[in-house]
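So the structure is just underneath, and the comments pick up after that.
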């Protein structure tokens, strides 16, 4: 059973002993299962308003508690006034009837009440294939979006393309140099350029498509200019190369995400913020609001007024190029999110974006548009180290200097990649062990979880009955009194609260942890207690538990974007 009947019974008992109308009951699982199924510090919170000792209040609450309504078999008072509850096995097991009777809604809630949320993630520069850091971000962002959807939010998944700035210039220069090399011109990639095989592929595609239009002298002159640190004089050709390189790599990254099973609702181009005048409008509004100043020819934003450790440059001096710094378009971009009606914006980014948080929020506050101080929310993740054969893997055949998302998917499969990326909290370092992820053993967590689901599915294949017709009312669930069954029941019934907590904290690793622990309990129960071939009342009850387990594991796996195979 859920904690709701116990909460209601405790609240009624509290009011009978004089507790204030505002009293709230908080129930938690004891850290040590030997203490019972639920615990509360209610008596201690009532000590001051009632002017009594917590243990005396705990005893009064225990005496007033309707054990039957609460589904409680025993109450124990511990320490300064904690109340520990052991539920009636039959009453607790009866709770799993809800899982099989309404599987489509199991674990879902309406906390978000349909409010709009924008989850932005990956948002890589279109300068190469997506590396494993982007992969961790994709898994996190997609799972966070799904958690929010399960808890009632209307979610938009957004990819922000950084298709403007120095890195895009370097991309175009790299393609130009590779094009020149393939045309027989001896020239080296400049410092800051891109060396991956994919650059050669783009250059070759340009030559194949526009070979007749290319003027060798122009290509040579452009290559010499790039080597000298200048832009090619043939600006139209350079701009075409830049646009085509970005388009090719956008397609490349789309294929990466398709292989990973991630779909975005919208794509937003950084360049549009300049062409639409949004960056200029944002800067003008900040200047008009009196939150800027000039120093040495540069324009600064007084971010110290909003908690930053020093004021930040918005526009560089003319001597340094006169460009806007990177956080200025970010401010303009988030103004647009707010104006699009997203009262909640969540950005999933690498830990190297830590300094961005304060600056973007400061810019939004300085605009005085009524945007909340914590807007947008940030989920920052640490990097990924890939290990294979006991050694760190640092390079990819196509990318050259890093391991790509598709490398990992090719090595271990999508399901393993997603689970491994999500099994640790985002702000912790992650070691991705390729050999472990490929292994078919109990040490591989995703294999172990999927095997638990397959085992439950195997029970129904051997049974041969109509699985979809299984209902809680058809069984005497008090038969599920064994300790292994009770521990599994308890874990299943914790699923909705776990989902809600994971969504609120933006922490998908909680789902991964729940899945692994529940799979362990499912395997233990499966090995100790037969389902088929038992007396009818026992078999019927265990079929319900097996079905509830199967459905809950499948739901948890789907939250993480992982398949739930029926055979392994």
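All of the numbers you see were taken from the coordinates with simple rules; none came from a lab. Every value quoted in this text rests on a predicted model; they were computed, and no experiment measured them. Cβ sites come from the backbone with ideal geometry, for glycine too, and all protein chains shown count toward neighbours.
The table for this structure:
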item: Two-site label geometry, residue 275 and residue 104: point separation in nm, points 7 Å out along Cα→Cβ; result: 4.3
item: Rg to Rh quotient for region 52-102, alpha carbon positions, Kirkwood Rh; result: 1.14
item: Ranked packing of 19-25, 179-185, 3-9, most packed first, by mean Cβ within 10 Å; result: 3-9, 179-185, 19-25
item: Cα centroid separation - region 427-490 against region 20-72, whole Å; result: 34
item: Histogram of C-alpha separations across region 442-559, 5 Å bin width, %; result: 2, 11, 23, 24, 19, 12, 6, 2, 1, 0
item: Computed E for residue 326/residue 154 - FRET, C-beta separation, R0 25 angstrom, nearest 0.05; result: 0.25
item: Potential extension, residue 78-residue 52 segment - 0.36 nm per residue separation minus Cα distance; result: 7.7 nm
item: Virtual paramagnetic centre 7 Å along Cα→Cβ of residue 474, amide N under 11 Å, in region 515-546; result: 540-541, 543-544
item: For region 311-375: Kirkwood Rh in Å [reciprocal of mean 1/r, alpha carbons]; result: 12.8
item: Virtual spin-label span in nm between residue 482 and residue 23, 7 Å along Cα→Cβ; result: 4.1
item: Using a Förster distance of 45 Å, the FRET efficiency for residue 317-residue 340 (Cβ separation, nearest 0.05); result: 0.85
item: Kirkwood-based Rg to Rh ratio, region 168-260, C-alpha trace; result: 0.97
item: Spin-label proximity, residue 440 to region 528-568 - amide N less than 17 Å from point 7 Å beyond Cα toward beta carbon; result: 564-568
item: Gyration tensor (Cα) of region 75-228, equivalent ellipsoid semi-axes in angstrom; result: 60, 17, 14
item: Counting DSSP beta bridges with both ends in the chain, the antiparallel % (nearest 5); result: 50
item: Theoretical gain in end-to-end length, residue 69 to residue 197 [0.36 nm per residue, Cα-Cα removed]; result: 39.2 nm
item: Along each principal axis, Cα extent of region 4-87, largest first, Å; result: 31, 26, 19
item: Mean projected area in nm² (Cα convex hull; one quarter of hull surface) for the chain; result: 32.9
item: Computed Kirkwood radius, in angstrom, where 1/r is averaged over Cα pairs of region 384-438; result: 11.5
item: Degrees between helix 197-210 axis and first principal axis of the chain (Cα, 0 to 90, nearest 10); result: 50
item: Three-way shape call for region 450-492 based on the alpha-carbon gyration tensor, with the a/c threshold at 1.5; result: oblate
item: Degrees, to the nearest 10: 166-182 long Cα axis against longest axis of the chain; result: 60
item: Simple spin-label estimate for residue 524 and residue 429 in nanometres, 7 Å along Cα-Cβ; result: 3.2
item: Percent of alpha-carbon pairs separated by more than 21 Å within region 342-417; result: 49
